[in-house]
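All of the numbers you see were taken from the coordinates with simple rules; none came from a lab. Bear in mind that the values here come from a model prediction, so they are computed numbers and not experimental data. With ideal geometry, Cβ positions are generated from the backbone for all residues, glycine too; neighbour counts draw on all protein chains shown.
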Amino acid sequence: MRAVTWAIVAMLLPRVLGAIPTRTPRTGGVGDTLSVAIVCHDLESVEVTWGPGSAHHGLSANLSLEFRYGNQVPQPCPHYFLLDSVRAGCVLPMGKGLLEVVLREGGGAKLFSRKKKASAWLRPRPPWNVTLSWVGDTVAVSCPSHSYPGLEYEVQHRDDFDPEWQSTSAPFCNLTVGGLDPGRCYDFRVRATPQDFYYGPEARPSKWTGVASLQGVGPTGSCTGPTLPRTPGTPTPPLALACGLAVALLTLVLLLALLRMRRVKEALLPGVPDPRGSFPGLFEKHHGNFQAWIADSQAAVPTVPEQDKDDDVIRPQTKGVETQEDDDVIAPGSPCLGGGALMSVGGASFLMGDSGYTTL
Amino acid sequence: MVLFRYLFILQVVRLALTYNFSNCNFEMILRIYHATIFRDLLKDLNGILFDQIEDCDSRTACLLKIDHHTFNPVPGCPSLPEKAFALKTKAALINYCPGYSETERNGTLEMTREIRNICLNQTSQILGLWLSCIQS
C-alpha cells in the first residue's frame with residue numbers, strides 16, 4: 001500500500017510541479033551573474049534595467065529582451081537604452097494581465113525571466129502641488145491624489161530641536177500633522193507609498209518631494225516659503241541653494257585670481273614713469289624730442305651768475321621746472337663723470353657730452 | 001466500469017454545483033484579507049516570492065481560484081488548508097458568502113510528504129490571486 005502511494009506521488013508530482021513551477025525566487029539577480037531591476041512607473045510604463053552581477057565584471061554582449069502580457073505572442077523590446085554602447089535596459093508599455101519578461105544572451109540562452117502583474121513593481125511619482133498651511137498648532141498637508149488607488153501618503157517633519165524625521169501617513173493626500181509649535185521652524189517632505197496589501201511587497205515608495213520649511217508665527221525670514229515644488233522634476237530648494245552658493249564661490253575665486261594676477265604683473269613688470277610730469281612741454285611742444293626740449297630749456301635759462309659759470313651747471317628757470325639745491329648737483333670734474341657739462345632739469349641730472357647726454 | 005461512470009457523474013454534478021461567489025460581500029472579505037490574511041501570507045512566505053502563474057480579472061473569478069488553491073491540497077503541501085491564512089479565508093468566505101460551505105475536498109494526496117518549496121510556491125500563488133482580487 002505504501003509503495004502504491006509513493007508510486008502515485010511519483011506520477012503526480014512532476015505534473016503538479018509543471019503546473020506550478022518551483023523556480024527559485026529572485027530578488028534582482030540570477031546566480032549573481034546578472035542584476036535585473038524592474039520598475040513600473042506610475043502604472044504608465046515598465047522599465048527593465050540590467051547590469052553585471054557580483055560574479056561578472058561587465059556584460060560582454062548585448063542582451064535581448066522579449067515580453068508579453070497574458071496570452072499574447074511574445075514581443076521584442078520596443079525601446080532599448082544603452083550604457084557604454086551596450087544594451088542596459090528597456091522601456092515597455094503598460095498592459096493587462098501578467099507581464100512576462102525574458103532576457104536572453106544573443107537571442108539564445110535564457111538568462112532571466114519574471115512573470116507577475118506589472119503593478120507588483122509599482123513606483124509612483126512623487127506628490128505634486130503640495131500645500132502646507134498652519135491651523136492652530138497643526139499643519140494641514142494636501143495635494144492632488146494619484147489617479148489610481150492603493151497608495152498611502154506619508155508626511156515627515158522635523159525641526160532644529162528634534163532633527164529626527166517624524167512620520168504621519170494617511171490613505172489620502174489630505175492630512176494633518178499635530179502637536180507642533182507655531183513659533184518653531186519645521187521642515188516637511190511628502191511621498192506616496194504603495195500599500196503592500198494592495199500591490200504586494202515588491203512595490204516601492206515614490207521619491208520624497210523637496211524639503212519645505214514652514215513657521216506659524218515669530219520672526220519672518222527664518223523659514224522660507226510654505227509651498228513645496230509645484231512640478232515633479234524641478235530642482236529641490238537645497239539643490240538650488242547649493243548651486244547658487246557654488247556659483248557665488250566660483251565668482252569670488254575668479255575675482256581673487258584676477259586681482260592676484262594684477263599684483264604679480266605689477267611685481268614682474270613695474271610701470272615706466274611718465275616723463276610728462278617731470279619735463280613739461282616735452283611732448284606738447286617738442287613731440288618727445290628731448291634734444292629740442294633741452295635746447296629750449298637752455299634758451300629759457302636766465303643769465304648764470306659769474307660764480308656759477310665755472311660749475312657749468314645749467315639751472316633752467318622755465319615754468320614748472322624747479323631749481324635744484326646745490327647739494328643735489330654733482331660738480332663737474334668729479335672723477336666718476338669724466339668730461340662734459342652737468343645739467344639738472346626738473347629733478348633729473350644729465351651729463352652733457354659733445355654728441356649726447358647721460359642720465360645720472 | 002460502473003464505478004468510473006458514477007465518478008464521472010459525480011464530477012459533472014460537482015462542477016454544476018460549484019459555488020460561484022457572486023453573492024459575496026467583497027468589501028468585508030477584502031477588509032479581512034487586509035487585516036489578517038495578508039499578514040499571515042507574508043509571514044509564511046518570509047520574504048520569498050515566486051513568479052505568478054495564474055491571474056484573475058474579476059473578484060468572483062479571483063475568489064473561485066483562491067478557494068481552489070487554498071483548500072485543495074497539492075502534492076508536496078498537504079498542510080496548506082490548515083495554515084492560519086487558510087483558516088481565516090474559510091471563516092471569511094463562510095461569513096460573507098451566503099450559501100458557501102466548504103465543499104468535500106480530494107484527500108487522496110494528503111499523505112504525500114511536505115516539500116517546503118512547493119508550499120511556498122502555492123502560498124505565493126494565493127497571495128498573487130488576492131492581490132489581483134483587490135486590484136480588480
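For this structure, a couple of remarks:
- Residues B:Cys119, A:Cys90, sorted so that the one with the fewest Cβ neighbours within 10 Å comes first: B:Cys119, A:Cys90
- Volume per residue of the C-alpha convex hull in the range B:25-135, rounded to whole Å³: 92 Å³
- 3J(HN,Hα) couplings calculated from phi for the range B:45-61 with the Karplus curve 6.51 cos²θ - 1.76 cosθ + 1.60 (θ = phi - 60°) are, in sequence order, 6, 6, x, 9, 10, 10, 4, 8, 9, 10, 10, 8, 10, 9, 5, 4, 5 Hz; Gly and Pro show x.
- Sequence-ordered 3J(HN,Hα) estimates for the range B:119-136 from the Karplus curve with 6.51, -1.76 and 1.60 and θ = phi - 60° stand at 4, 5, 4, 5, 5, 5, 4, 5, 4, x, 5, 4, 5, 5, 5, 6, 8, 8 Hz, glycine and proline given as x.
- Dipole check for the range A:126-233: with +1 at the C-beta of Lys and Arg, -1 at the C-beta of Asp and Glu, and the Cα centre as origin, the magnitude is about 400 Debye.
- Cα gyration tensor, the range A:126-233 - rounded (a/c under 1.5), prolate or oblate: prolate
- Short-range pairs are left out: with C-alpha atoms under 8 Å and at least six residues apart, the relative contact order of the range A:126-233 is 31 percent.
- Charge sum, other residues only, whose C-beta stays under 11 Å from A:Glu154's C-beta, Lys/Arg counted +1 and Asp/Glu -1: +1
- Positive-end residue, the range B:25-135 charge dipole about Cα centroid, Cβ charges, pick of B:Tyr96, B:Gly76, B:Ile53: B:Tyr96
- Counting other Cβ atoms within 10 Å as a rough exposure proxy, the listed residues A:Trp50, A:Trp165, B:Trp130 run A:Trp165, A:Trp50, B:Trp130 from fewest neighbours to most.
- In this structure, A:Asp274 and A:Leu254 have a Cβ-Cβ separation that, at R0 = 45 Å, corresponds to a calculated FRET efficiency of about 0.90.
- In this simple spin-label approximation, B:Ala91 and B:Asn23 carry label points 7 Å from Cα along the Cα→Cβ vector, and these lie 2.4 nm apart.
- Subset of A:Lys110/A:Lys207; A:Lys117/B:Lys43; A:Lys207/B:Lys65 violating a 25 Å alpha-carbon distance limit: A:Lys110/A:Lys207; A:Lys207/B:Lys65
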